[in-house]
1. If LYS431 passes every condition in (1) of a type in the set (D, E, K, R); (2) within 17 Å of THR356 (Cβ to Cβ); (3) under 29 Å from the mean Cα position of the chain (by Cα) but one, which one does it miss?
2. Being part of a strand (DSSP E or B) and over 12 Å from ARG515 (Cα atoms) is the filter here, so list the residues in segment 404-434 that pass it.
3. Counting residues that are free of Cβ contacts under 8 Å to residues at least 40 places away in the same chain, within 14 Å of GLY78 (Cβ to Cβ) and open to solvent by 60 Å² or more (accessible area, probe 1.4 Å), which strands (runs of 3 or more DSSP E) fully inside segment 98-162 reach at least 1?
4. Test of understanding: among ALA505, ALA592, which residue is assigned to a helix (DSSP H, G or I) and modelled with pLDDT under 90?
5. Look at ALA421 and say whether it is more than 24 Å from THR356 (Cβ to Cβ), of a type in the set (A, V, I, L, M, F, W, C) and either modelled with pLDDT of 85 or more or within 25 Å of the chain's Cα centre (by Cα) (or both).
6. Every residue in segment 403-431 that is in contact with a Phe, Trp or Tyr (Cβ under 9 Å, 6 or more places away or on another chain) and loosely packed, with under 14 Cβ neighbours inside 10 Å, please.
7. Scan segment 88-97 residue by residue and report those that are touching a His at 6+ places or on another chain (Cβ under 8 Å) and either open to solvent by 70 Å² or more (accessible area, probe 1.4 Å) or outside any loop (DSSP other than H, G, I, E, B) (or both).
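The values are calculated or read from the model by the stated rules, or taken from the named source; none is laboratory data. Treat the numbers as computed from the prediction; the structure is a model and nothing was measured. Because the Cβ atoms are built from the backbone with ideal geometry, glycine has one as well, and the counts that use them run over all protein chains shown. What goes into the accessible areas is simple: the full protein's heavy atoms, side chains included, and nothing from ligands, DNA or RNA. Shrake-Rupley method; radii C 1.70, N 1.55, O 1.52, S 1.80 Å.
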Amino acid sequence: MTRLQQSRTSRLTRPSLAVAAAIAVTAGVVAAAPDAQTAEPTPRLSLIAASTSVTLDSWKEEPGVYLDLGTYLTSENGALELKVTRKSYKDPVVAAQILRDGKKTRTKALPAGLVKDFTGLPDFTRITLTDAAGAKVLETTEAFCPNNASGRVRPDAPANSKYPESCPTNPFTLGSVWGVENGWASNTYAGYYTKPVQLAAGTYTAEIGVTEKYRKLFGIADKPQTVKVVVRERSWEDSAGSAARGAAKSTASGHDAHAQHGGHAQHDAHAQHNAHARHGATADAPAPGAATSGAGPSFNAGHGPYPSAPPALPWALKRKSLGRQAVTAAEPGDGPGQTDGSRQAPGALPNAKRPTGKASVPDVPKPDLRSLPAYGITVSDGYEEVPGRDYLAFSANVWNAGPAKLVVDGFRSPGKEVMDAYQYFYDADGKQVGYTPTGGMEWDPRPGHEHWHFLDFASYRLLSADQKETVRSGKEAFCLANTDAVDYTVKNASWHPGNTDLSTACGSENSISVREVLDVGSGDTYTQDLPGQSFDITDLPNGTYYIQVLANPENRLKETDHGNNSALREVILGGEKGARTVTVPPHHLVDAN
């Protein structure tokens, strides 16, 4: 896989100009929201439609239509900004609107229970479809992620949005920031958070409006948008589908297999035959959409195939449709990378030479590594590679609570198989002021990895009911990447981290040096479909156990607090050899696996 160069230019690329112009024209005629003339400056929100008609595809092989109708929420007179948090997993998710007036900032709490997770505002839009005869065929609501596919609605709007570019879906997310930048518009299409609807080929009329509770809450005018919808039936066997499948096979080769693990395309042949590569993994297919909709797949939601959030930047990706499967190829210069890995972003380059002078650990801010409880837990046999064995597979995340990013460089001496690793430290102005040796990096040749792993970053252990170690996973080396936005409300959180997928952030086999970074607020997920993400439970008795995810197990990395590096997740093993079962109780209020 090749890391594409990152550009800090405007989010809109050339194919977007016509659509952006349509949005801008539409926005100009939208009536002011009811609160536009109030004394306190508040963002003026409007629902607009980029086009009067859309064409949606229904595939014969997997019928169903995703309602990407091209409607956007615009924000004028200031940005729509929401802060979403929970104090702990024992506490509910709460949301507040952040209102800014120059240097003044005030907070407006949203109603308790309105937001239940970090994926967006539930039941934000109501969609009604009628057929050519005027009969209602569908009425549904969809959630809205303000960080979803977006673009400017006027030329004097800020060139780049300061807000993150997707909403996190990790069940153990702790804090998020959502926003529609002033003079921007965000696509209301729910993407992964919705299901396809059954519609026969034909012509329909869609009415899309903001639901009453949000109109009252944000002062949005009651002006539903009407869009003509043409549904056409297609087959994977048509010429376009065949071409796309060819592209998919091409993309699956070599290092590009990593992109497919994140982009939800099918596993490459090597991964399919790897003994532990598919322990119960269920790669969710991307939600199809128009080429300019931003409805393509996320590139990397953790080091595996799970989706993170609807991708942002609707025009930055080339999309080659393959029914419900898709392969996307980012264009060079297509803007900053996504949070949660929903776009590729380049890794920071290592220093040209290994550090010289005396090593030191200065008194400056340092990272704070923390573990999330395991999730995505399942049992499986060893497939044809290890017949007769039972495995407990899981997903795990270690994140950085800051206030400083973790920066580790690896340098290779000619002919040596292990790189020497160094941790770097920076002052408040970003100047490097120290470094210290911190172990090494090794090349992992296994399919699903094929990059440089930093040694001793984390450790996985299966503990007995009395929390004594029973089994230790062989996985203790990691390629660091900012795959998940765990808490973007912590101090110094980076809302636009680099290296959000695996490619050159972790180097190639012939690399002479590598820089791996875990930014503030982001975490690195390894999903349960990858080699090493499992415990051999063949000979373990049934009963209660705990999966321990332990960050920085040897304390080789310098951080602010070593006392919060462990997280436990209870599991209950049952069944018989060859047919083991696992029950995963809720973790306080988080009932997700």
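1. (3)
2. VAL418, PHE425, TYR426, GLN432, VAL433, GLY434
3. Because the criterion is at least 1 residues that are free of Cβ contacts under 8 Å to residues at least 40 places away in the same chain, within 14 Å of GLY78 (Cβ to Cβ) and open to solvent by 60 Å² or more (accessible area, probe 1.4 Å), the strands (runs of 3 or more DSSP E) in segment 98-162 that meet it are 104-109.
4. None of the others qualify; the one that does is ALA505.
5. So ALA421 does not fit the description; no.
6. GLU417 - this is the single residue of segment 403-431 that is in contact with a Phe, Trp or Tyr (Cβ under 9 Å, 6 or more places away or on another chain) and loosely packed, with under 14 Cβ neighbours inside 10 Å.
7. LYS90
Quick grid of which residues meet (1) more than 30 Å from VAL582 (Cβ to Cβ); (2) open to solvent by less than 30 Å² (accessible area, probe 1.4 Å); (3) not small (Gly, Ala, Ser):
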site	(1), (2), (3)
THR356	yes, no, yes
LEU372	no, yes, yes
GLY376	no, yes, no
ASP381	no, no, yes
GLY388	no, no, no
TYR391	no, yes, yes
ASN397	no, yes, yes
